[in-house]
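Below is one structure, written out as structure tokens; comments come after it.
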Amino acid sequence: MSTNDCKIRAGFFSPGWPLSYMPNGIVSYIENIISGFANEDIATKIEPVVLTSKLAGLEVNNQLIDISKFAKNTPIYQHLIDKLLYTINIPITESIKYQRLMLPEAHTILQGLQHLRTPLDILEIEESFGVASLLIRKSKFPIVTRLHGPWFIHGPIMKFDKASNYNLRVLKEGEGIIQSHGITSPSLDVLEKTRAFYNIDLPNAKVIPNPVGEVNSENLWHYNVKNEAYILVVGRFDLHKGGDIALQEFRIIAMKNKEVKLCFVGPDRGISVDGNLLNINEYINKFIPEEHVRKRIEFRGHSNPEQISQLRKNSLVTIFPSRYENLPLSLLEALATGCATVSTPVGGIKEILINEFNGLLAEPESPDSIAEKVLTLLDDPAKMQRLSKNAIEDTKNRFSAKIVAAQTADFYKTVLAT
């Protein structure tokens, strides 16, 4: 493609498709950015192509590709060799096992790319596992790596840094990042951490935030005393998302406010306590002894986007107690809805939420601090409504799909020109 052309054919590798089938931050990002590309005001037109190995529904010719059909069948003897390899934990076998894990995925993606009727100009892929480095060796077009969640950051938070393949995964992700033709990061925090950890400048990197769709007026948050009084948490029950902190914080609130409830939405990954993995119900029974508090906790597990939208609209306060975040779409979606929000100021959240303007910031890993901020809002409906109005406007001005899509298109054009 000539850099003077007005259209760029850009591929996106997605872990699944669509969002209703696989609720995932990367899938949500791709869905939102594609909606932004459709805006007629974008000077550099993008023709998006989604490649996925987990598709619910039908392919769309040259636009939505199920690459699972290109996966190689593993011979029986190879299964036996792999089984033997997994019983031997030494550096050389760890490297072989890692290659055995990554090569098939890279092969499947490459086969999908080769079968496109119209070739791509550029491909965007997440940094996970370092698959990008395998693609770069055999691709004729630029590869852009998006830093959705480097493992050197998230692995230790989840206590996976002692796993046998942790160092190898971190190494391979670094190789993919260094070799990429372009790097985008949703937050400056993650980009700076990546530069520091790998000791690299990454002059070809740019901060481009995650995009969020505009919320219809009928789905916006409004303070309503007639609504059921509940605090909302949307996220996994695990250490990373601070699921334990959310429960501890609610216990403090519930001892002071006898009416409010907690609604927890998201998958239950469990939290390790003294070497035992506790699911959310086990955690509640172990650490919340008060029956009247336990009865006011509702765990909904997975909910679809429409259900979450209604929960946000009718909530009193939405909280984000995470131990670390990049630039979480769940927070952007809450702010776009106008939810009265309390969050910890970790990672890229500081680049989204401005204390006392579009939400309240509490101290990291402090149930007491979060509880204090929530109780402040519960006692001050006028403040909730002021924060809500600012949140909606600020999200439109900084994180709309149209604005972020234009930034992305300009970055692709720059990468293709170099």
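In the chain, helical runs assigned H by DSSP with n ≥ 4 each contribute -39500 (n - 2.57); averaged across all residues and rounded to the nearest 500, the mean residue ellipticity at 222 nm is -13500 deg cm²/dmol.
What do you get for trypsin sites (Lys or Arg not before Pro) in the range 269-352 restricted to DSSP loop and a cutoff of at most 14 other Cβ within 10 Å of the site's Cβ? Spell out each step's value before the answer.
Working: sites: 269, 286, 294, 295, 296, 300, 312, 313, 323, 350; in loops: 269, 295, 296, 323.
Taking the range 269-352 and a limit of 14 other Cβ atoms within 10 Å, the loop trypsin sites (Lys or Arg not before Pro) found are 295.
Cα gyration tensor of the range 298-373, axes a ≥ b ≥ c as square roots of the eigenvalues: rounded (a/c below 1.5), prolate (a/b > b/c) or oblate? Prolate, because a/c is 1.5 or more and a/b exceeds b/c. The Rg/Rh ratio for the range 133-267, using Cα coordinates for both the radius of gyration and the Kirkwood hydrodynamic radius, is 1.11.
What do you get for trypsin sites (Lys or Arg not before Pro) in the range 1-65 restricted to DSSP loop and a cutoff of at most 16 other Cβ within 10 Å of the site's Cβ? Working shown, then result.
On the way: sites: 7, 9, 45, 54; in loops: 54.
For trypsin sites (Lys or Arg not before Pro) across the range 1-65 that sit outside H, G, I, E and B with at most 16 neighbouring Cβ atoms in 10 Å, the list reads 54.
Using a/c under 1.5 as the rounded threshold, could you call the range 156-236 rounded, prolate or oblate? The axes a ≥ b ≥ c are square roots of the C-alpha gyration tensor eigenvalues, and prolate needs a/b larger than b/c, oblate otherwise. Oblate, because a/c is 1.5 or more while a/b does not exceed b/c. Two decimals is fine: what is log10 I(q)/I(0) at q = 0.13, 0.15 Å⁻¹ for the range 217-399, from a Debye sum with one equal scatterer on every Cα and no solvent? After summing over all Cα pairs, the log10 values are -0.59, -0.80.
Shape verdict for the range 211-307, please, from the Cα gyration tensor: rounded (a/c under 1.5), prolate (a/b greater than b/c) or oblate.
Verdict is oblate for the range 211-307.
Taken about its Cα centre, the range 275-318 carries a charge dipole of about 120 debye when Lys and Arg each add +1 at the Cβ and Asp and Glu each add -1 at the Cβ. Along the chain, counting only chymotrypsin sites (Phe, Trp or Tyr not before Pro) with a DSSP assignment other than H, G, I, E or B and at most 15 other Cβ atoms inside a 10 Å radius, the longest segment between sites is 224-356. Separation of the range 291-307 and the range 148-198, taken as the distance between their Cα centroids, equals 33 angstrom.
Just in the range 1-68: which GluC sites (Glu not before Pro) are loop by DSSP and have at most 15 other Cβ atoms within 10 Å? Those that pass, being in a loop and sparsely packed, are 40, 59.
Place a +1 charge on the Cβ of each Lys and Arg in the range 217-399 and a -1 charge on the Cβ of each Asp and Glu, then give the dipole magnitude about the Cα centre in debye, rounded to the nearest 20.
Working: 23 positive and 25 negative charges, 70 e Å.
Here the size comes out at about 340 debye.
Ranking 283, 355, 375 by how far each Cα lies toward the positive end of the dipole of the range 283-388 (charges on Cβ) leaves 283 at the top.
Quick one: dipole size for the range 275-349, taken about the Cα centre, charges +1 on Lys/Arg Cβ and -1 on Asp/Glu Cβ, in debye to the nearest 20. Don't skip to the answer; put the middle values down first.
Working: 8 positive and 7 negative charges, 22 e Å.
Dipole about the Cα centre, nearest 20: 100 debye.
Here Rg and Dmax of the Cα atoms in Å was calculated from the structure, and among [x] 24.3, 74; [y] 22.4, 68; [z] 22.7, 72 it sits at label [y].
With viscosity 1.002 mPa s and temperature 20 °C, the Kirkwood radius over alpha carbon pairs of the range 214-255 converts through Stokes-Einstein to a diffusion coefficient of 168 µm²/s. Which angle between 0 and 90 degrees, to the nearest 10, do you get for helix 166-179 versus the longest principal axis of the chain when only C-alpha atoms count? Tilt of helix 166-179: around 60 degrees.
Near residue 57, once Lys and Arg are set to +1 and Asp and Glu to -1 for all other residues with Cβ below 14 Å from its Cβ, the sum equals -2.
Here, each number is a calculation from the coordinates, and none is a lab measurement. Just so you know, these numbers come straight off a predicted model, no measurement behind them. For neighbour counting, all protein chains shown are included, and Cβ atoms are generated from backbone atoms with ideal geometry for every residue, glycine included.
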